[in-house]
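Engineer: The following block contains the structure, expressed as structure tokens.
The numbers here are math on the coordinates, done by the rules we state, and not lab data. These numbers come from a predicted model, not from an experiment. Neighbour counts are summed over all protein chains in view; Cβ atoms, including those assigned to glycine, are modelled from backbone coordinates with ideal geometry.
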Amino acid sequence: MKKFWLAAVSAVVVLGAVFGFAHSALAAPEILTLTPTSVQPDLLPGASQSGTFSVLDQGTNSFSVRIYSAPYSVKGEDYTPDFTPIPGSPNVANWIKPAISQGLVNPGQTLTVGYSLSVPTGVQPGGYYGVVFANEQLPKNASGVVINEQVGEIFYITVAGPVKSGGKLLQWSSAWLQKPPLQATLKLENTGGLHYFSNIHVAVKDIFGSAKFTLNTDKAILPQTIRNIPVSWTKAPAFGLFKVGGTATVLGKTVNLPTKYVLVMSSTARMILLVILIVLVLLFIIRLVYRRRRHKQKKSLRK
């Protein structure tokens, strides 16, 4: 029986090693890129400023791009982008004027586009949001499909003046038992009239404290919204016990994300573990029955 228990423990250890692999996804190559991806102008009502952004062609063909501005807002906690005007609110697309409406981008080269940003007089202090797009329909591929390529630069505009600010960490959670990938959920709330940026640091460590995955990112939290920020370790192994924790800033203050313990087990790992447990239970029962029989035999011999 000692050999059996040793084999069972070894099987559990081997289970973690055998399933300690990860799957990676291949990302589709980008053809158009735009830099910078966002700007944060701070202006008084009636003020204006100018700037530039660059469109880079990473493909092999020259093509023209259409340059235009649009309002920017979000829907839901997952922050689905919305580029339509909000009824009753200023249309920020009218504030941003690109210097050109169309341009030619050559392979490996950059098209630099100027713009002017003008805030109308009488606008109330607070946060306003817009985006400038570079849009192009690429040539048909081998299947005859036309791919619409579009990149943008978001304008997080602060109109200076007295603005109420408020926000908090609304949720930090990670289920105790998970299938890979390992996931956690962070929700931040903004109850004020101006956006804020949260610097988020999340670390996944094994039970010995060795770092396995880290996430460092900055996320904009728009006024009067809740933002769901998913954390996903896509290369989590099929079996393992981990600790998840970190920090997030809310309005310049650092908030701790309490440590969560997570047991990762794939469907296959769960099945193997279940089989091992069943075998252990059966062997325990067999051993118990065997002991009782021997005990009865000894008693009968004494008589």
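Engineer: Using θ = phi - 60° and the Karplus relation 6.51 cos²θ - 1.76 cosθ + 1.60, list the HN-Hα couplings for segment 154-167 in order, rounded to whole Hz, with x at every Gly or Pro.
Structural biologist: 8, 9, 9, 8, 9, 8, 5, x, x, 9, 6, 10, x, x
Engineer: Now for a different question. Going by average Cβ neighbours within 10 Å, how do the peptides 89-98, 250-259 rank, with the highest at the top?
Structural biologist: Ranking the peptides 89-98, 250-259 by packing returns 89-98, 250-259.
Engineer: With θ set to phi - 60° and the Karplus curve 6.51 cos²θ - 1.76 cosθ + 1.60, what are the ³J(HN,Hα) couplings of segment 120-129 in order, to the nearest whole Hz, using x for Gly and Pro?
Structural biologist: With coefficients 6.51, -1.76 and 1.60, one gets x, 5, x, 6, 5, x, x, x, 9, 9 Hz.
Engineer: Among LEU169, LEU215, LEU182, which one moves the most in a GNM of the chain with springs linking Cα atoms closer than 10 Å?
Structural biologist: Checking each option, the largest mean-square fluctuation is seen for LEU215.
Engineer: Return the long-range amide H neighbours of VAL131 (sequence gap of 5 or more, or a different chain), with a cut-off of under 5 Å between placed amide H atoms.
Structural biologist: ALA70, TYR72, PHE155
Engineer: Would you mind checking which residues have amide H under 5 Å from ALA238's amide H? H placed 1.01 Å from N; only 5 or more apart, or other chain.
Structural biologist: GLY20, PHE21
Engineer: Taking Rh as the Kirkwood radius, which is the inverse of the mean 1/r over Cα pairs, what is the Rg/Rh value for segment 150-303?
Structural biologist: Values: Rg = 26.3 Å, Rh = 19.6 Å.
My calculation of the ratio gives 1.34.
Engineer: Suppose R0 equals 41 Å. What FRET efficiency, 1/(1 + (r/R0)^6) with r the Cβ-Cβ distance, do PHE83 and LEU283 give to the nearest 0.05?
Structural biologist: 0.05
Engineer: Still on this structure: Starting from the Kirkwood Rh over alpha-carbon pairs, what translational D in µm² s⁻¹ does segment 32-159 have by Stokes-Einstein at 20 °C and 1.002 mPa s?
Structural biologist: The calculation lands on 137 µm²/s.
Engineer: In addition: Suppose the Debye formula is applied to equal point scatterers at every Cα of the chain; what is log10 I(q)/I(0) at q = 0.08, 0.10, 0.12, 0.15 Å⁻¹?
Structural biologist: -0.57, -0.77, -0.98, -1.20
Engineer: May I have the extent of the alpha carbons of segment 199-243 along their three principal axes, as whole Å values ordered from largest to smallest?
Structural biologist: For segment 199-243, the Cα extents along the three principal axes come out at 40, 18, 13 Å.
Engineer: Expressed as a fraction of 2.2 N^0.38 Å, the rule-of-thumb size for a compact globular protein of N residues, what is the C-alpha radius of gyration of segment 255-303? List each step's numbers first, then the result.
Structural biologist: Details: Rg = 21.7 Å, N = 49, 2.2 N^0.38 = 9.7 Å.
With N residues counted in segment 255-303, Rg over 2.2 N^0.38 Å equals 2.25.
Engineer: Same structure, new question: Return the aspartates and glutamates within reach of LYS253: Cα separation strictly under 16 angstrom, same-chain partners fewer than 8 residues apart disregarded; answer none if there are no such residues.
Structural biologist: GLU189, ASP218
Engineer: A further question follows. In Å, what Rg and Dmax follow from the Cα atoms of segment 217-303?
Structural biologist: Final numbers for Rg and Dmax: 26.7, 88 Å.
Engineer: How large is the helix-only mean residue ellipticity at 222 nm for the chain, computed as the sum of -39500 (n - 2.57) over DSSP H runs with n ≥ 4, divided by its residue count, in deg cm²/dmol to the nearest 500?
Structural biologist: That calculation yields -6000 deg cm²/dmol at 222 nm.
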